[in-house]
1. E107 - would you say it is charged (D, E, K, R), in a helix (DSSP H, G or I) and crowded, with 16+ Cβ neighbours inside 10 Å?
2. Does segment 159-179 contain any residue that is assigned to a loop (DSSP other than H, G, I, E, B), in contact with a helix residue (DSSP H, G or I) (Cβ under 6 Å, 6 or more places away or on another chain) and modelled with pLDDT of 85 or more?
3. Among the listed residues F41, F15, F3, which satisfies the condition of being under 19 Å from the mean Cα position of the chain (by Cα) and modelled with pLDDT of 75 or more?
4. Tally up the residues in segment 75-110 that are under 24 Å from T12 (Cβ atoms) and either in contact (Cβ under 8 Å) with a residue 40 or more places away in the chain or of a type in the set (A, V, I, L, M, F, W, C) (or both), please.
5. Quick one: in segment 110-134, of everything that is over 19 Å from S184 (Cα atoms) and among the hydrophobic types (A, V, I, L, M, F, W, C), which residue is surrounded by the most Cβ atoms within 10 Å (Cβ to Cβ)?
6. Would you be able to say whether some residue in segment 48-66 is in a strand (DSSP E or B), surrounded by fewer than 19 Cβ atoms within 10 Å (Cβ to Cβ), at pLDDT 75 or above and out of contact with any Gly (no Cβ under 7 Å at 6 or more places or on another chain)?
7. I need the full set of residues from segment 73-90 which are surrounded by fewer than 18 Cβ atoms within 10 Å (Cβ to Cβ) and assigned to a strand (DSSP E or B), in order please.
8. Evaluate segment 178-197: report whether one residue or more is of a type in the set (V, I, T), out of contact with any Pro (no Cβ under 9 Å at 6 or more places or on another chain) and closer than 28 Å to E74 by Cβ.
Amino acid sequence: MVFENKVIMMDTLIFHSKMRALLWVRAAFDECRVQERLWWFCLYKCKFSLFDSRGWLYPPHGWLKFNVSGLAIEGALGVGGMLRDEEGIVRALFSRPTDACDAESAELGAISTALDIFIEFGWEGHGSLVIEIGSRVVYNWILVKARRPWSHQVISADLERRFFCFGKLSFSIAEVSGNEMAESLAMAGMSRTCMFKAWW
């Protein structure tokens, strides 16, 4: 910040600190599971529980997995996502508010953001990507173009253009509790004023 004359807002600093702490907890206690939604909003109520085997699943060897989520709660919408490698190590994440009109549109926006981040960081030539989606409706839209509603044609066409940038791109539905981190990031994004993204 000093040498590059950067300014950081306090909410971004707190969000980044919570994110780093959560990643550390998950790495240090891999047999336990953190209540990730409470981590963001009621940290003092956050508890550990025994790991649930229905949680996040590792991608195939040589693949990366981007879990994405778009949420709508009481008129507020947010998107979030997290990229992990085949060892489960987090490589990138994002959280932001969205001006989408419904949860499905927000989910499509989350996919679009994930693809943009993947391309921006130059990873598209270094491996195959699985995008794991929380919404079965959006998953069906991705697989079958004829099911996509007319109101989503613009973003659908935009996504199709991005798909061509990838050699191997696959989509899947998240298992029960398998998309919790992406959903937590989407929920946290509702109260943000701008995009938060980090990678390492």
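The values are calculated or read from the model by the stated rules, or taken from the named source; none is laboratory data. Computed from a prediction, not measured in an experiment: that's the story for all the values here. When we count neighbours, we look across all protein chains shown, and the Cβ atoms used for this are built from the backbone with ideal geometry, even at glycine.
1. Details: charged (D, E, K, R): yes; in a helix (DSSP H, G or I): yes; crowded, with 16+ Cβ neighbours inside 10 Å: yes.
Against the criterion (charged (D, E, K, R), in a helix (DSSP H, G or I) and crowded, with 16+ Cβ neighbours inside 10 Å), E107 qualifies.
2. There is no residue in segment 159-179 that is assigned to a loop (DSSP other than H, G, I, E, B), in contact with a helix residue (DSSP H, G or I) (Cβ under 6 Å, 6 or more places away or on another chain) and modelled with pLDDT of 85 or more.
3. F15 is the lone residue from the list that is under 19 Å from the mean Cα position of the chain (by Cα) and modelled with pLDDT of 75 or more.
4. The total comes to 22.
5. F118
6. Kept after step one, since they are in a strand (DSSP E or B), are these residues of segment 48-66: 48-50, 63-66.
Still in the running and surrounded by fewer than 19 Cβ atoms within 10 Å (Cβ to Cβ): 48-50, 63.
Remaining after also requiring at pLDDT 75 or above: 63.
Keeping just the survivors that are out of contact with any Gly (no Cβ under 7 Å at 6 or more places or on another chain) gives none.
Checked segment 48-66: no residue is in a strand (DSSP E or B), surrounded by fewer than 19 Cβ atoms within 10 Å (Cβ to Cβ), at pLDDT 75 or above and out of contact with any Gly (no Cβ under 7 Å at 6 or more places or on another chain).
7. Restricting attention to segment 73-90, the residues satisfying the condition of being surrounded by fewer than 18 Cβ atoms within 10 Å (Cβ to Cβ) are 73-76, 85-89.
Within segment 73-90, I73, A76 qualify.
8. No, there is no match, as no residue in segment 178-197 is of a type in the set (V, I, T), out of contact with any Pro (no Cβ under 9 Å at 6 or more places or on another chain) and closer than 28 Å to E74 by Cβ.
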